[in-house]
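Asker: Quick one: the structure is below, questions incoming.
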Amino acid sequence: MDYVQRTDGRGIWTNLSFGRDAIGQRFRRILLCRVAVEGTDRHADYFDAAFVFYFWDKKRRQSFWKDEWFLLWLVLFYTIYFNFLYHTQIGIRYYLIVFPLLYIFTGRLFREWQNFSRTQKGLSFALALYLIISVLSYYPNYLAYFNEIVWDRKMAYKYLADSNLDWGQDYYVLKAYRAEHREVDKSPETPHHLSRTRTFFVPVNQLVGVSYDPRTYQWLRENFEPVGLIAPGYLLFEITPGQMQALCDTTDYCK
């Protein structure tokens, strides 16, 4: 906390958000963007429904100012502070304090469950089932969970990187994969001509330059797209001799 407080005024922390390097920069609304892709869509649906019903229904509206207003007041405070006044980019860990408040507020939506129509109950169960399926679809890689906004999971690094994708949890997955696919090597830091089509892997945080000099894999990051992933922390790239020849002929990366 002391280190964060010391560096907060300068906004210094290595990170990458939505394709932008956050080193030494102050990004507004980054936490809101992260919540958008890392939170579950179903949570947002429930919260939106609770918010609408509280102001649509007269009885709920009256109880809101008595029982629930302080929950949203704290949510508003932390949202403004962490998104507009707090400059150190270290993910949503500090912003997590608002989630219990939102869950309590949203839970009040179901306080008269016995009076719900079949349609309302069916919709609630459908959203709950969708939430369960969405989360379980990432098994066992829950740390790297992104919701359906990031539909193509191998492109998640273009939205967020760092500990959002890789905290070293995929090391043994990589080790097992390489034991079965000995033809797949780590991508070279300096591109060179190829005699045949090659498949390379690269750690996602090295690719985007979070844990590495961002210039090292700039040639790969800006000219090629991953064709697959070993695990969320390791991407696969397939490069043909013609593609590498074109890269070397039109850029200075191979020199």
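Read the figures in this text as sums done on the coordinates, not as results from a lab. Please read all numbers here as calculations on a predicted model, not as lab measurements. FYI the Cβ positions are ideal-geometry reconstructions off the backbone, even for glycines, and counts take in every protein chain you see.
Asker: May I ask for the net charge around residue 178, where only other residues with Cβ less than 14 Å from the Cβ of residue 178 are counted and Lys, Arg are +1 while Asp, Glu are -1?
Answerer: Around residue 178, the surrounding residues sum to -1.
Asker: Between residue 155 and residue 171, what is the label-point separation in nm under the 7 Å Cα-to-beta-carbon projection?
Answerer: Between residue 171 and residue 155, the label points sit 3.2 nm apart.
Asker: What is the fewest-to-most order of 167, 151 by other Cβ atoms lying within 10 Å of their Cβ?
Answerer: Neighbour counts put them in this order, fewest first: 151, 167.
Asker: How do 192, 181 line up, fewest other C-beta atoms within 10 Å first?
Answerer: Ranking 192, 181 by Cβ neighbours within 10 Å, fewest first, gives 192, 181.
Asker: Are there any GluC sites (Glu not before Pro) in region 181-229 that are in a DSSP loop and have at most 13 other Cβ atoms within 10 Å? List them by number.
Answerer: 183, 222
Asker: Still on this model: Spin-label point model (7 Å from Cα, Cβ direction): what's the residue 190 to residue 227 distance in nm?
Answerer: It is 2.6 nm.
Asker: Using 0.36 nm times the number of residues separating residue 218 and residue 181, minus their current alpha carbon distance, what extension gain do you get?
Answerer: Result for the pair: 10.8 nm of gain on full extension.
Asker: Here's something else I'd like to know. Could you run the Debye sum over the Cα atoms of region 163-250, one equal point scatterer each and no solvent, and tell me log10 of I(q)/I(0) at q = 0.10, 0.14, 0.23 Å⁻¹, two decimals?
Answerer: -0.25, -0.48, -1.20
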